[in-house]
1. Filtering region 174-183 down to residues that are of a type in the set (A, V, I, L, M, F, W, C) and crowded, with 16+ Cβ neighbours inside 10 Å, which residue is nearest to G156 (Cα to Cα)?
2. When you go through N63, N84 one by one, which is the residue that is loosely packed, with under 13 Cβ neighbours inside 10 Å and polar (S, T, N, Q)?
3. From the residues in region 93-107 that are hydrophobic (A, V, I, L, M, F, W, C) and out of contact with any strand residue (DSSP E or B) (no Cβ under 8 Å at 6 or more places or on another chain), which one is nearest to G69 (Cα to Cα)?
4. Of all residues in region 4-28, count the ones that are without any contact (Cβ under 8 Å) to a residue 24 or more places away in the chain, of a type in the set (S, T, Y) and closer than 25 Å to T67 by Cβ.
5. Taking into account only those residues within region 210-230 that are out of contact with any Lys or Arg (no Cβ under 9 Å at 6 or more places or on another chain) and crowded, with 16+ Cβ neighbours inside 10 Å, which is nearest to A126 (Cα to Cα)?
6. Just to be sure, is L171 within 30 Å of L211 (Cβ to Cβ) and either at pLDDT below 95 or more than 16 Å from the chain's Cα centre (by Cα) (or both)?
7. Please state which one of T186, T169 is of a type in the set (S, T, Y), surrounded by 17 or more Cβ atoms within 10 Å (Cβ to Cβ) and in a helix (DSSP H, G or I).
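The values are calculated or read from the model by the stated rules, or taken from the named source; none is laboratory data. Predicted model, so just to flag it, every value in this text is computed and none were measured. Virtual Cβ from ideal backbone geometry, glycine too; neighbours counted across all protein chains shown.
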Amino acid sequence: DRRAAKVHVPSMLVSAALQVRSPNGKSYSERLAGARTEKELSTIFDDFIGSVPMGKTLFGGFNPVHTGGPMQVSIDFAEQQARNYPYSVDGSIRREVFSRRGGMYFGIAHLLGYPVNYPQPLYRFADFNAGWYASRNAAFQNALSVASGISLALDGDLIRYDSIMPGSTELAARALGKSLDMRNPTIRNQLEKGNSLEFEDTTLYKRVFALADQAQGKPLPRQILPGIQLKSPKITRKLTTAWFAKRVDERYQRCMARL
């Protein structure tokens, strides 16, 4: 209804469309009313766009279910990693994520499939929720804030991928340009390495931490739990990435204690 209103499609038309019989004989409205899991919702959407001419081409990216499976892995992430998937796929990678095999494979790849210098798994757990290297990048933002005196959200996002305009982190780094002896294009280029381990070898990373450590009179942490509030139709409380990571870490520690 919200999407229809945004593009000025009458709600009456939406209701009529949902009365169409789906492949299992029930109307889409009936299936929606009876849905109890994300897998069911995702399947309903796929069936629906499959019955509309050019549906998958036009609406394939609009499926409202963005995570799935036992590890709640991102569907987008799984599709990006699909070329490495060693098993045959029945239907689509999206459907494979909802299987135990696919959900575990892509979930483990998201959790462990990248190199880090973290001293403990807690920060991988945070990255699982906030994105690869988010904990490392949040620590960099903290150091940049200390060095520049500019308050920054410690969310792990170093650049804006949705705009050519610089984000707050990039602007703070530019403000330190003279102290860093770096020009804006170079700063941008090195911030773009924020989704890899290579970022830690950049001049920008090293010089920002050198300035911040000097200002504080002690070494600052190289990893911090990102300060991100979790938002989802499934979440009714005010929860954060830090809360998520600590909860997972508690379970991890209990499992390890059994050994």
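1. Filtering region 174-183 down to residues of a type in the set (A, V, I, L, M, F, W, C) leaves 175-176, 180, 182.
If we keep only those that are crowded, with 16+ Cβ neighbours inside 10 Å too, we end up with 176, 180, 182.
Working: L176: 19, L180: 21, M182: 22 Å.
If we take residues in region 174-183 being of a type in the set (A, V, I, L, M, F, W, C) and crowded, with 16+ Cβ neighbours inside 10 Å, then L176 is nearest to G156 (Cα to Cα).
2. Details: N63 fails: loosely packed, with under 13 Cβ neighbours inside 10 Å.
The unique qualifying residue is N84.
3. Filtering region 93-107 down to residues hydrophobic (A, V, I, L, M, F, W, C) leaves 93, 97-98, 104, 106.
When the remaining residues are screened for being out of contact with any strand residue (DSSP E or B) (no Cβ under 8 Å at 6 or more places or on another chain), the result is 93, 104.
Values: I93: 12, M104: 8 Å.
Across region 93-107, the extreme among qualifying residues is M104.
4. Going through region 4-28, the residues without any contact (Cβ under 8 Å) to a residue 24 or more places away in the chain turn out to be 4-19, 21, 24-28.
Narrowing further to those that are of a type in the set (S, T, Y): 11, 15, 27-28.
Imposing the further condition that a residue be closer than 25 Å to T67 by Cβ reduces the set to 28.
Counting residues in region 4-28 that are without any contact (Cβ under 8 Å) to a residue 24 or more places away in the chain, of a type in the set (S, T, Y) and closer than 25 Å to T67 by Cβ gives 1.
5. If we take residues in region 210-230 being out of contact with any Lys or Arg (no Cβ under 9 Å at 6 or more places or on another chain) and crowded, with 16+ Cβ neighbours inside 10 Å, then P226 is nearest to A126 (Cα to Cα).
6. Working: within 30 Å of L211 (Cβ to Cβ): yes; either at pLDDT below 95 or more than 16 Å from the chain's Cα centre (by Cα) (or both): yes.
The answer is yes for L171.
7. Working: T186 fails: surrounded by 17 or more Cβ atoms within 10 Å (Cβ to Cβ).
T169 is the lone residue from the list that is of a type in the set (S, T, Y), surrounded by 17 or more Cβ atoms within 10 Å (Cβ to Cβ) and in a helix (DSSP H, G or I).
Residue-wise test of (1) polar (S, T, N, Q); (2) in a helix (DSSP H, G or I).
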position	(1), (2)
V9	no, no
A16	no, yes
P23	no, no
S29	yes, yes
R36	no, no
L41	no, yes
D46	no, yes
P70	no, no
R83	no, yes
